[in-house]
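Below is one structure, written out as structure tokens, with a few remarks after it.
The values are calculated or read from the model by the stated rules, or taken from the named source; none is laboratory data. Everything quoted here is computed from the prediction, not taken from an experiment. Backbone-built Cβ (ideal geometry, glycine too); neighbour counts: all protein chains shown.
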Amino acid sequence: MGLLYTCLIGLIVGAVAKFLMPGKDPGGFIITILLGIAGAFVGTWLGQVLGLYAAGAQAGFIASVIGAMLLLFVYRLITGRKSA
């Protein structure tokens, strides 16, 4: 059940990140889910590095969206360079 919940939250976080950063993305539904899941990990890591979260604490929704937006930005940079 935990994996299903993580995928559902990842889908929501990824969709919010794509909504906040509109533009052409080569990714589809699966990329959106993966982006959201990875965004939660990035948000947690950044929060721990900056001292906002204790060790072992997980990021909240907003930090997850920020992490997903950072990943989306990097993803666009990488895919943009490949096609140019």
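Listed values, structure above:
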read-out: Selection count, region 44-65, where residues are buried (at least 18 other Cβ atoms within 10 Å of the Cβ) and not aromatic (Phe, Trp, Tyr); value: 6
read-out: All positions within region 20-34 that are hydrophobic (A, V, I, L, M, F, W, C), modelled with pLDDT under 80 and assigned to a helix (DSSP H, G or I); value: PHE29, ILE30, ILE31, ILE33
read-out: Pairs, first closer than 9 Å to TYR75 by Cβ and among the charged types (D, E, K, R) in region 24-38, second at pLDDT 75 or above and loosely packed, with under 15 Cβ neighbours inside 10 Å, C-beta under 9 Å, six or more apart; value: ASP25/THR79
read-out: Options PHE73, PHE41: the member that is surrounded by fewer than 14 Cβ atoms within 10 Å (Cβ to Cβ), in a helix (DSSP H, G or I) and at pLDDT 75 or above; value: PHE73
read-out: Complete set of residues in region 44-70 that are under 16 Å from the mean Cα position of the chain (by Cα), at pLDDT below 80 and among the aromatic types (Phe, Trp, Tyr); value: PHE61
